[in-house]
Amino acid sequence: MKKGLLIVLSGPSGVGKGTIYSKLLEKLPNLTVSVSVTTRHPRAGEIDGVHYYFVTEEKFAEMKDNDELLESAETVGNCYGTPKAPVIEKLECGRDVLLEIDVKGAKQIKKAYPDCVTVFVLPPSAEELKRRLIGRGTETEEQVSRRLALADEEISQSTLFDYKVVNGDIDVAVRDVMNIIKKVKGE
Ligand code: 5GP
């Protein structure tokens, strides 16, 4: 059986990766999600096992030590990682898997799985990114500043990605990512 495609979607916090991700899931029936583990506290409305598996730092370290994570990174003060077994299982079954992870994680995945496709989502401008991040209202002022500083650093590394997509209009960005997936799969 043909293996599925591993797709990595990265980009600065607030750029709209989550929305692109949900719309892709609606449109591509063969696409599945990977639920990450994190030591971050849940935001209002976030459900354990759906948005993330919320774990303690001890549990995260244990998973890392036991080689249960495909990649892991510390970003904006918290640890994040992709559980390995479910991703490998889905790819083996021919399902495509989308990882929505940070740049450090994306680099680890590209190194370990060169056949994956990496996509970096850019904001139309720095001002728009700031507006979206503040408008989201899920972070404190300090966290917003931290995420904006990290955004500059991440954007400077976007050249490492196979493809770049600008999220100015969400429907255009989703169509662009879908076209990349189709092209890589030779459809
Ligand atoms: P948030 O706290 O806003 O949910 O996520 C913060 C950052 O962590 C985002 O850039 C997101 O893409 C990244 N992230 C989420 N899950 C993972 C993961 O499993 N691994 C890595 N490396 N980054 C992740």
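The values are calculated or read from the model by the stated rules, or taken from the named source; none is laboratory data. Being a predicted model, the structure only gives us computed values, none of them experimental. Every residue, glycine as well, gets a Cβ built from its backbone with ideal geometry; the counts of neighbours run over all protein chains shown.
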TODO: Can you work out which of the residues in segment 34-57 that are closer than 30 Å to residue 179 by Cβ and without any contact (Cβ under 8 Å) to a residue 60 or more places away in the chain is farthest from the ligand (Cβ to nearest atom)?
DONE: 50
TODO: Given the conditions (1) assigned to a helix (DSSP H, G or I); (2) at pLDDT 95 or above; (3) buried (at least 17 other Cβ atoms within 10 Å of the Cβ), report the number of the one that residue 58 does not fulfil.
DONE: (3)
Open item on the list: For segment 12-33: of the residues being at pLDDT below 95 and not in a helix (DSSP H, G or I), which is nearest to the ligand (Cβ to nearest atom)?
Closed with: 13
